[in-house]
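Here the structure is laid out as structure tokens; the discussion comes afterwards.
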Amino acid sequence: MRLCVLLRLLWMGPVPVVRAEPTGPVPTKGPVPLGPLYQRMANDIQLGKPLVATVHVALCDNRVIWCGHGGMGDGDHPHRNLYWGAAAGLRAWFDRAKGWRRIHVDAGDGALVLERVVYRRRVQASTAWRRLGVRRSFDLLLVGLAYRGTRIDEAMTDFINQVAGPVKKLAVIRLSDGRTVEYGGKGHLMGYAGHNRLMELTLLGDWHWPRLQRTQPMGFFVLACLSAPYFKNHLCDANTRGLLLTRSLMYPGAFTVDGLLRGIAAGEDQQRVYLRGVERYATAQRRPQRVIRAAFTHDAEPRYARAYGRCSQ
């Protein structure tokens, strides 16, 4: 385990820095394998609803895996945590990310979830969206949930169950203007960021995958070390798409989330959305894109099917 932690820290590289956003739109070519998901999104936008992405962040905790000194490994306090308020943690990144505005923050339930935050991005309808009937600008909301570090099992379980469906309990945040945001299993995108707890749970035989019962399309991503060989096709069916999983050690920085969401906001195909995440990670970590492309994958790639079996879409 100590060797794994050392290799993981080395892979993280230097502390990420914010880079300038490339100018101009990224061209999209070929078919859109995310068609059902985009159609669901377009239908909701036309009803006046925002697009909602939820990210479950298991705070880095030195009692679970070594995270560093100075509060970075304090899983009881989000503000200096490596995965939340420090380095390129979710709140640290999106508080200053271009094009995003924080519109809500609260203390969660104070036990399991220590902080909830909502960011808003106003999106102009691209050509891809206009083809789906979306003519006006719309909101893309990011809901971040900071789970207590020692409750990492529940963070991962909540993420997996909300992707798998069905929605058993409606999760709602009430904004200051009176509007409510339905997140979690009712949203369009779902992510997990943190330590890959399945490494221990599967080794101990303490993990059983839920039966997939999702009735509406959803995209998901798992920012954790070696998530692809652990998740394989366990969350794969006709209503789910794995936008980004990992094949190596990595740092679950929020810059990758930013890249994926920018691809979705532009209405890009699955490969291009994935590459947005790759590009953001490579830029922030100052590593060649070819190295990061080898370390990341998505469930529509031929190499994913070769390694883990073809997803029955």
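The values are calculated or read from the model by the stated rules, or taken from the named source; none is laboratory data. Keep in mind that what you see is a predicted model, and the values were worked out from it rather than measured. Using ideal geometry, Cβ is built from the backbone for each residue, glycine included, and neighbour counts are taken over all protein chains shown.
Quick notes on this structure:
- Unique match (being assigned to a loop (DSSP other than H, G, I, E, B), in contact with an Asp or Glu (Cβ under 8 Å, 6 or more places away or on another chain) and either aromatic (F, W, Y) or closer than 14 Å to G194 by Cβ (or both)) among W84, W93: W84
- Residues of region 273-292 classified as out of contact with any Phe, Trp or Tyr (no Cβ under 6 Å at 6 or more places or on another chain), farther than 11 Å from L245 by Cα and in a helix (DSSP H, G or I), total: 11
- Condition met for W93 (of a type in the set (A, V, I, L, M, F, W, C), under 19 Å from the mean Cα position of the chain (by Cα) and over 21 Å from G187 (Cα atoms)): yes
- Contact map, region 201-220: residues that are within 12 Å of I160 (Cα to Cα) paired with residues that are at pLDDT 90 or above and loosely packed, with under 12 Cβ neighbours inside 10 Å, Cβ distance under 8 Å, separation 6+ or inter-chain. No pairs are found.
- Residue list for region 239-259, filter: surrounded by 24 or more Cβ atoms within 10 Å (Cβ to Cβ), aliphatic (A, V, I, L, M) and either more than 22 Å from K186 (Cα to Cα) or touching a residue at least 60 places away in the same chain (Cβ under 8 Å) (or both): A254, V257
- Residue pairs meeting the criteria (Cβ under 7 Å; at least 6 apart or on separate chains; first farther than 15 Å from Y119 by Cβ, in region 169-185; second of a type in the set (S, T, N, Q)): V172/T180; R174/T180; G184/T54; G184/Q162; G185/Q162
- For T215, the conditions (1) more than 17 Å from L189 (Cα to Cα); (2) at pLDDT below 95 are fulfilled apart from (1).
- The residue that is surrounded by the fewest Cβ atoms within 10 Å (Cβ to Cβ), counting only those in region 279-292 that are touching a residue at least 60 places away in the same chain (Cβ under 8 Å) and on the phi < 0 side of the Ramachandran plot, is R287.
- Looking only at residues of region 215-237 that are in contact with a Phe, Trp or Tyr (Cβ under 9 Å, 6 or more places away or on another chain) and assigned to a strand (DSSP E or B), we find that the one that is farthest from K168 (Cα to Cα) is L223.
- First in region 293-306 and under 13 Å from S248 (Cβ atoms), second anywhere and hydrophobic (A, V, I, L, M, F, W, C), Cβ under 6 Å, 6 or more apart: R293/V278; F296/L244; F296/V278; T297/A228; T297/L245
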